[in-house]
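Notes to accompany the following structure.
The values are calculated or read from the model by the stated rules, or taken from the named source; none is laboratory data. As the structure is a prediction and not an experimental result, all values here were calculated from the model. Because the Cβ atoms are built from the backbone with ideal geometry, glycine has one as well, and the counts that use them run over all protein chains shown. Side chains are part of the model used for accessible areas, which takes the heavy atoms of the whole protein and leaves out ligands, DNA and RNA. Shrake-Rupley method; radii C 1.70, N 1.55, O 1.52, S 1.80 Å.
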Amino acid sequence: WKIPLQNFLNWCNTVGLVLSDKVYVSRDGTVLFTIPRSALLHQGTTQISALLEREKRTLQSSSGWVPLLLTLLYEYTSTQSHWKPYLSLWTDFRKLDHPMFWSKEERDRLLRGTGIPEAVDRDLTNIQREYTDVVLPFITKHPDLWNPQVHTLERYTQLVAFVMAYRSGRRSCVFKGGGGDPEPPMMVPMADMLNHISNHNANLEFTPDSLKMVCVRPIHKGEEVFNTYGQMANWQLLHMYGFTEPYPSNSNDTADIPPPTSTKLYRVSRLSVECGFHWPQVEEKVEMLGQIMQDKGVFVFGKQGCLTDTDLHTALKVLSMSQDEFSEFKENEGWEEEEDDEDARICQAFSNEGLPELKAPWKRLLHEAARLTLRSYTDGDRRLMEDGAAVAKLSTRQRNALQVRHGQKDILYRLMELTTV
């Protein structure tokens, strides 16, 4: 570690990366610094940038990462790479421990109910499609730069995990991509050496000429500098970065409840019968909610309440409508325009303080939704978390999975308590 680190620090001097003399780099911590944009590694700074720009139309994909990944495939295996001192800090990508590198059996067993196995399955499908359809044809056309026998799907997948774990940008995203980032995905030497916690003491600021790691609160002598990767729940940290924050320190932890259109919560909607509605009408409501919500996905609950309160309000309002109200709703094709302060009222209503005051039918639906969601997980996590000796014997994967499961289940149990009728 000492020799690669010193080579990296020497390289930092040559590229103009300014390191404060009040801080130092070690394996256990890192520093405050200013990084010139010329020191960033992306498709615009690589030696093959002209080729990537010329062929950019053939490199389009749903992830938006192909140019950066081709850059890394080239630079990581080039003996003459300008970035060799930086990339040499990662000698073995097999040490990356994202769930995508676990066996499917291990993912399904340890992470059942968390949403991670499904996300990883989507990632692996997208990665293989992207490599087969976009990357392999491209590198085959340029045998002077890439070799399909060296730059394999396995290496490509490892680099996807590397980019997930270490890349920087103005906005975090998962591999399937969302596009629209004002900054392309990039590798930021030195910045990617900082660890993340939700209660961070520094963050990365973007300026036209450089990127700067700036303190957001006082840092004492000897204290580690922590960056932030954004407001990340533990399941997101494990999925994209391969680690978790110990329970209960992650203030951004969340748990998901599937929407009414899912098989699981379709059963929850039947509770509307208790309110005097006919089951065929509830079926129609669920179908209409699918049209209204489209691909908005799950209802997300954090430690302070629902984070997707507007969508949840819509679902509960439709499900609990009387026959006359629902008929009118269909005829009008929705509601009249809401008042300006409606969003604030909804946010308060679905906070931990407001949930106990909801209408009884709404609380029943939420209570049952949380109960059914909890049945997706393995049992015994509370007892295990209370047994420090047992936790200490777990493997790293088992501990990370436990942190994710227990954090999510704790939020769901709290939701059940707040919605007890």
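Give the longest segment of the chain that steers clear of GluC sites (Glu not before Pro) in DSSP loops with at most 15 neighbouring Cβ atoms within 10 Å, not counting the sites themselves. Excluding the exposed sites themselves, the longest stretch runs over 56-222.
Leaving out ligands, DNA and RNA, and with a 1.4 Å probe, what % of the accessible surface on the chain is carbon or sulfur? Ligands and nucleic acids excluded, carbon and sulfur give 49 percent.
For the range 399-404, the Karplus equation 6.51 cos²θ - 1.76 cosθ + 1.60, evaluated at θ = phi - 60°, returns couplings of 5, 4, 4, 5, 4, 5 Hz by residue, with Gly and Pro reported as x. Largest mean-square fluctuation among Asn147, Asn352, Asn252, in a Gaussian network model of the chain whose springs join Cα atoms under 10 Å apart, belongs to Asn147.
On a 1.4 Å probe surface of the protein chains, which of His313, His367 comes out largest in accessible area, and what is the full order?
His367, His313
I need to check one value: relative contact order of the range 1-241, counting alpha carbon pairs closer than 8 Å and at least 6 residues apart, in percent. Averaging sequence separation for qualifying contacts and normalising by length gives 26 percent for the range 1-241. Dividing the summed -39500 (n - 2.57) terms of all DSSP H runs of n ≥ 4 by the residue count of the chain sets its mean residue ellipticity at 222 nm at -13000 deg cm²/dmol. The 1.4 Å probe gives accessible areas that order Met232, Met193, largest first, as Met193, Met232.
How high is the relative contact order of the chain, in percent, counting Cα pairs under 8 Å that sit 6 or more residues apart? Walk me through the numbers on the way to the answer.
On the way: 535 pairs, mean separation 68.0, N = 421.
16 percent.
Karplus-based coupling profile of the range 314-325, in residue order and whole Hz: 4, 4, 5, 5, 5, 4, 9, 5, 6, 4, 5, 4, with θ = phi - 60° in 6.51 cos²θ - 1.76 cosθ + 1.60 and x standing for Gly or Pro. Taking all C-alpha pairs of the chain, those more than 39 Å from each other amount to 31 percent. Using a Gaussian network model on the chain with a 10 Å cutoff between Cα atoms, which of Ser49, Ser395, Ser351 fluctuates the most? Taking springs between Cα atoms under 10 Å, the residue moving most is Ser395.
Got a sec? What order do Asp324, Asp253, Asp121 fall in by accessible area at 1.4 Å, biggest, i.e. largest, first?
Working: Asp324 125, Asp253 10, Asp121 55 Å².
Result of the area sort, largest leading: Asp324, Asp121, Asp253.
Using the Cα gyration tensor of the range 1-241, with a ≥ b ≥ c the square roots of its eigenvalues, what is the shape: rounded (a/c below 1.5), prolate (a/b larger than b/c) or oblate (neither)? Cα axes put the range 1-241 in the oblate bin.
Couplings 3J(HN,Hα) of the range 203-216, computed from phi: 8, 8, 10, 9, 10, x, 9, 7, 10, 10, 8, 10, 5, 10 Hz, in residue order, whole Hz [Karplus 6.51 cos²θ - 1.76 cosθ + 1.60, θ = phi - 60°; x for Gly and Pro]. Averaged over its residues, the chain has an accessible area of 51 Å² per residue, based on protein heavy atoms and a 1.4 Å probe.
If the elastic network links every pair of Cα atoms under 10 Å, which of Phe299, Phe329, Phe226 fluctuates the most in the Gaussian network model of the chain? Top of the fluctuation ranking is Phe329.
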